Amino acid sequence: MIKKSLAVIKKVLQKKPVLYVPLTPQHWDKQYKRGAWDSLIKTEYPNSVKIAQILISQVKPGEQILDYGCGNGGLVKDLNGHLKENYLGVDISQEAIKQARENHPGYQFLEVSELKKHPQKKIDHLVLCEVLYYVDYKKFLAEIQLRLKPNAQVIVSLYRAWRSTLIIQYLKKIMIFKETNKIKDPRTTWKVIIAKFK
Ligand SMILES: C[S@@+](CC[C@H](N)C(=O)[O-])C[C@H]1O[C@@H](n2cnc3c(N)ncnc32)[C@H](O)[C@@H]1O
């Protein structure tokens with residue numbers, strides 16, 4: 001606790017963001033290259049399984065899913081061949097996208113910079129699985145909202161951490177929560193929230 005508090009004070013003094021951890025694409029690329037995130041596609045994570053179940057039961061033909069910060073395709077593993085036509089995964093890491101494409105042929109993945117070239121794609125279901133800690137989430141959510149269809153569903157997963165509590169407080173200000181699923185396993189507890197922008 002003391003160590004964490006000191007780390008926060010250090011960031012404040014260095015004028016670095018405290019509420020989120022912005023890491024460069026190069027940082028993520030290195031991590032994916034050395035296999036630091038292999039567990040996402042080799043292990044079962046119940047939060048991801050829950051999101052896949054929600055999507056499989058709710059997404060209608062022709063609807064568009066955007067999985068923002070999709071990594072190497074953890075959620076697609078749990079979609080297990082479903083919703084190929086509907087799914088688009090996007091990530092800041094070129095390496096994560098390369099691995100996702102190799103691991104999950106038939107699903108579409110783009111780097112964030114490529115998404116900007118597709119402004120016409122309007123989203124029905126936005127998935128933010130374990131990504132909001134890494135983005136300037138207030139700014140990001142305002143921007144991504146412009147890409148959503150009216151009434152689009154937003155599915156957010158966050159593990160138990162002080163940052164998540166603050167993120168959820170902010171989400172409650174700008175969204176209406178439909179459902180909050182608390183999912184526990186020996187590794188941690190996740191919240192999988194289904195919401196809509198107000
Ligand atoms: C903890 S991983 C989660 C991956 C995936 N959503 C899952 O749960 O299997 C976080 C992911 O967010 C991506 N990411 C971080 N900052 C991002 C940003 N600004 N834009 C898009 N993706 C980002 C990272 O490259 C990484 O793949």
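No lab work stands behind these numbers, since they all come straight from the coordinates. Here the structure is a predicted model, which is why all the values come from computation and not from measurement. Cβ coordinates were reconstructed from backbone atoms using ideal geometry, including for glycine residues, and neighbour counts include every protein chain displayed.
Some observations on this one:
- Candidate aspartates and glutamates - alpha carbon under 16 Å from Lys98, same-chain residues fewer than 8 apart omitted: Asp29, Asp38, Asp67, Glu111, Glu114
- Taking all Cα pairs closer than 8 Å and separated by 6 or more residues, the relative contact order of the stretch 1-150 comes to 26 percent.
- Evaluating 6.51 cos²θ - 1.76 cosθ + 1.60 at θ = phi - 60° for every residue in the stretch 165-175, the Karplus couplings come out as 4, 5, 4, 5, 4, 5, 4, 5, 6, 10, 10 Hz, glycine and proline recorded as x.
- A simple rule links phi to the HN-Hα coupling: the Karplus curve 6.51 cos²θ - 1.76 cosθ + 1.60 with θ = phi - 60°, which for the stretch 34-40 gives 8, x, 4, 10, 4, 4, 4 Hz, with x for Gly and Pro.
- Only Lys, Arg, Asp and Glu carry charge here, each on its Cβ (+1 for the first two, -1 for the last two); on that basis the chain has a dipole of about 960 debye about its Cα centre.
- Of Lys11/Lys149; Lys121/Lys182; Lys84/Lys182; Lys60/Lys117; Lys84/Lys196, pairs whose Cα-Cα distance is over 29 Å: Lys11/Lys149; Lys121/Lys182
- Sum of side-chain charges, Asn181 neighbourhood, beta-carbon under 14 Å (Lys, Arg +1; Asp, Glu -1): +4
- Dividing the helix sum by the residues of the chain, where each DSSP H run of 4 or more adds -39500 (n - 2.57), gives a mean residue ellipticity at 222 nm of -11500 deg cm²/dmol.
- Pair Thr189, Thr165: separation of 7 Å Cα→Cβ label points (nm): 1.2
- Amide H partners (placed H, <5 Å) of Asp67, local residues excluded: Leu88, Gly89, Val90, Val127
- Under 19 Å from the Ser39 label point (7 Å along Cα→beta-carbon), backbone N, the stretch 172-198: 183-192
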